[in-house]
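Here is the structure we will look at.
The values are calculated or read from the model by the stated rules, or taken from the named source; none is laboratory data. Computed from a predicted structure; not experimentally measured. Positions of Cβ are generated from backbone atoms using ideal geometry, with glycine treated the same way; all protein chains shown enter the neighbour counts.
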Amino acid sequence: MSVSELKERHAVATETVNNLRDRLQQRRLQLLDTDVAKYSAAQGRSPVKFGATDLVCCRTLQGHTGKVYSLDWTPERNRIVSASQDGRLIVWNALTSQKTHAIKLPCAWVMTCAFSPNGQTVACGGLDSVCSIFSLSSTADKDGTVPVSRMLSGHRGYVSCCQYVPNEDARLITSSGDQTCVLWDVTTGLKTSVFGGEFQSGHTADVISVSISGSNPNWFISGSCDTTTRLWDTRAASRAVRTFHGHEGDVNTVKFFPDGNRFGTGSDDGTCRLYDIRTGHQLQVYQPHGDGENVPVTSIAFSASGRLLFAGYANNNACYVWDTLLGEIVLDLGELQDSHKNRISCLGMSADGSALCTGSWDSNLKIWAFGGHRRVI
Amino acid sequence: MMEAGSSNSSGQLSGRVVDTRGKHRIHAELKRLEQEARFLEEELEQLEKMDTASASCKEFLDSVESKPDPLLPETIGPVNATWDQWFEGPPEAKGCGCFIL
């Protein structure tokens, strides 16, 4: 076939794909007969009401000397690892506020960090395009330098996010500016699977965030600057299971809902969205009111039941608490006592759901918990 | 990679050369587009039998209301003893405030 014939077929195929996408969008709109907020209001639900001192900042973790970019909890025992512009990973005991480790990184440009399920190793990645693994039982020199126990090399762009597969200390997923996600075998340092990239369909721009399902660890979602979120099955890397549209800007953060059947996203377009995995429906848009410009969402976390969605934004120190059922903001952590002094860049919920940790450009982490009177139904 | 052709003394290629690298690229993109079209058609078929959003909203509501939540003022039980661990011991533990320099 000649080049010109190929180009013609290419143009026809592009048109076919665009038409199919339009038809899909139309059909989805027809199926969107309601959203969660309208449905819940019709079922007689009312918004969560917080008293003035219900959610409180009960710890401030001080020690970083630069912006905090990322944080992760252990699955147990209340430890947190955080990564900062100061080129360090710090491991905290969140209950006592003590630092147990302060690891000086070989590459200071770190963007993400994660705790292994057994709590014995931490992973981090950033502009060096590598995901580095450190053992917490290694001895640091007086500078805080710890030998890297494994380097996961192969990405051709920055490592934006990393997460260990739940209950598997030897498997980890990264997302990258090279438009791919990779599942790694930490023991060998080799790639097990690549999701997207040159040779198979996937994201068409930088991938910024991943989240692995707690209820089905074969599934994970990735959010990208191509405005989509994709659901992947680690057993079939050649194509995404489903692609979720709706956002009008970079998807900066994705998080599975506690039951694993839904997920939330946050974007540069200023909204958070809730999607259903099985049907692909966009169930709700969480958009702050106001005439101002849309302020990008930097990070999100769900409370244990999913009733609350915490969202950090790229302006002052706002962290809106959304009632996910009614689609309303019920609190702003930025207006509480002891709130952060700069934007919140990362959020994480503790394993038992009793505490939210926020990390900020003010170089601190804070722990928030419910200190009010609790009514048990 | 270039198919054989002639080049002049400055190394430029004559018009008879075909850039097969370009041809391979277009071919690969075409294959990807055709595959994408098949995926989209499959998805359209699934959508024909798909429930409306209200069914998913009901599932969502049921899921949220079935789980205990430590951060809510009102929640179903059971309550876990660790929920209040943050308020036990010395109030607002000052903890370690040293800075890493």
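Results, tabulated for the structure shown:
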quantity: Residue match in segment A:38-48 (condition: assigned to a loop (DSSP other than H, G, I, E, B), more than 17 Å from A:Ala301 (Cβ to Cβ), touching an Asp or Glu at 6+ places or on another chain (Cβ under 8 Å) and assigned by the TED database to the domain that holds A:Ile300); calculated: yes
quantity: Scan of segment A:242-256 for residues that are within 14 Å of chain B (Cβ to nearest Cβ), surrounded by 21 or more Cβ atoms within 10 Å (Cβ to Cβ) and closer than 16 Å to A:Asp35 by Cβ, ordered by number; calculated: A:Phe244
quantity: Near pairs, Cβ below 9 angstrom, 6+ apart or cross-chain, from segment A:302-324 (at positive phi) to any residue that is crowded, with 23+ Cβ neighbours inside 10 Å and among the charged types (D, E, K, R); calculated: A:Gly306/A:Arg262; A:Gly306/B:Asp69
quantity: Selection within segment A:25-45 - at the interface with chain B (Cβ under 9 Å from one of its Cβ atoms), within 20 Å of A:Phe244 (Cα to Cα) and over 27 Å from the mean Cα position of the chain (by Cα); calculated: A:Arg27, A:Gln30, A:Leu31, A:Asp33
quantity: Strands (runs of 3 or more DSSP E) contained entirely in segment A:88-206, each with at least 1 residues that are within 20 Å of A:Lys255 (Cα to Cα); calculated: A:110-115, A:121-126, A:159-164, A:171-176, A:181-185, A:190-195
quantity: Every residue from segment A:323-351 that is in contact with a Ser or Thr (Cβ under 6 Å, 6 or more places away or on another chain) and at pLDDT below 95; calculated: none
quantity: Close pairs from segment A:28-48: first closer than 17 Å to A:Leu309 by Cβ, partner assigned to a loop (DSSP other than H, G, I, E, B), Cβ under 6 Å, at least 6 apart; calculated: A:Ala37/A:Leu326; A:Ala37/A:Gly327; A:Ser40/A:Leu325; A:Ser40/A:Leu326; A:Arg45/A:Leu325; A:Pro47/A:Leu326
quantity: Residue that is nearest to the other protein chains (Cβ to nearest Cβ), among those in segment A:299-325 that are in a strand (DSSP E or B) and aliphatic (A, V, I, L, M); calculated: A:Leu308
quantity: Qualifying positions in segment B:37-62 - assigned to a helix (DSSP H, G or I), touching a Lys or Arg at 6+ places or on another chain (Cβ under 9 Å) and not small (Gly, Ala, Ser); calculated: B:Phe39, B:Leu40, B:Glu43, B:Leu44, B:Leu47, B:Glu48, B:Cys57, B:Glu59, B:Phe60, B:Leu61
quantity: Every residue from segment A:337-348 that is surrounded by fewer than 20 Cβ atoms within 10 Å (Cβ to Cβ) and either within 14 Å of chain B (Cβ to nearest Cβ) or touching a Leu at 6+ places or on another chain (Cβ under 8 Å) (or both); calculated: A:Gln337, A:Asp338
quantity: Residue that is surrounded by 15 or more Cβ atoms within 10 Å (Cβ to Cβ) and under 13 Å from the mean Cα position of the chain (by Cα), where the choices are A:Cys181, A:Cys161; calculated: A:Cys161
quantity: One residue from B:Glu65, B:Glu34, B:Glu74, B:Glu41 being within 7 Å of chain A (Cβ to nearest Cβ) and at pLDDT 95 or above; calculated: B:Glu74
quantity: Residues (within 20 Å of A:Leu61 (Cα to Cα) and either aliphatic (A, V, I, L, M) or in contact (Cβ under 8 Å) with a residue 60 or more places away in the chain (or both)) located in segment A:325-341; calculated: A:Leu333, A:Leu336, A:Gln337, A:Asp338, A:Ser339
quantity: Flag if A:Thr100 is among the hydroxyl-bearing types (Ser, Thr, Tyr), within 14 Å of chain B (Cβ to nearest Cβ) and over 21 Å from the mean Cα position of the chain (by Cα); calculated: yes
quantity: Single residue of segment B:44-56 satisfying the filter (more than 7 Å from chain A (Cβ to nearest Cβ) and either more than 27 Å from A:Lys38 (Cα to Cα) or of a type in the set (A, V, I, L, M) (or both)) that is surrounded by the most Cβ atoms within 10 Å (Cβ to Cβ); calculated: B:Ala55
quantity: Number of the exception - A:Trp92 against (1) within 30 Å of B:Asp84 (Cβ to Cβ); (2) more than 20 Å from the chain's Cα centre (by Cα); (3) without any contact (Cβ under 8 Å) to a residue 60 or more places away in the chain; calculated: (3)
quantity: Pairs where the first residue, in segment A:1-15, is at the interface with another protein chain (Cβ under 9 Å from one of its Cβ atoms) and the second is of a type in the set (Val, Ile, Thr), C-beta under 8 Å, 6+ apart; calculated: A:Val3/B:Val18; A:Val3/B:Ile26; A:Leu6/B:Ile26; A:Lys7/B:Ile26; A:His10/B:Ile26
quantity: Segment A:198-226 residues that are without any contact (Cβ under 8 Å) to a residue 24 or more places away in the chain, paired with ones that are surrounded by fewer than 24 Cβ atoms within 10 Å (Cβ to Cβ) and assigned to a strand (DSSP E or B) (beta carbon under 7 Å, 6 or more apart); calculated: A:Asn218/A:Asp233
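The rows are residues; the columns are (1) modelled with pLDDT of 95 or more; (2) surrounded by fewer than 22 Cβ atoms within 10 Å (Cβ to Cβ); (3) under 25 Å from A:Arg343 (Cβ atoms).
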| site | (1), (2), (3) |
| --- | --- |
| A:Pro258 | no, yes, no |
| A:Gly264 | yes, no, yes |
| A:Asp268 | yes, yes, yes |
| A:Cys272 | yes, no, yes |
| A:Tyr275 | yes, no, no |
| A:Gly280 | no, yes, no |
| A:Gln287 | yes, yes, yes |
| A:Glu293 | no, yes, yes |
| A:Phe302 | yes, no, yes |
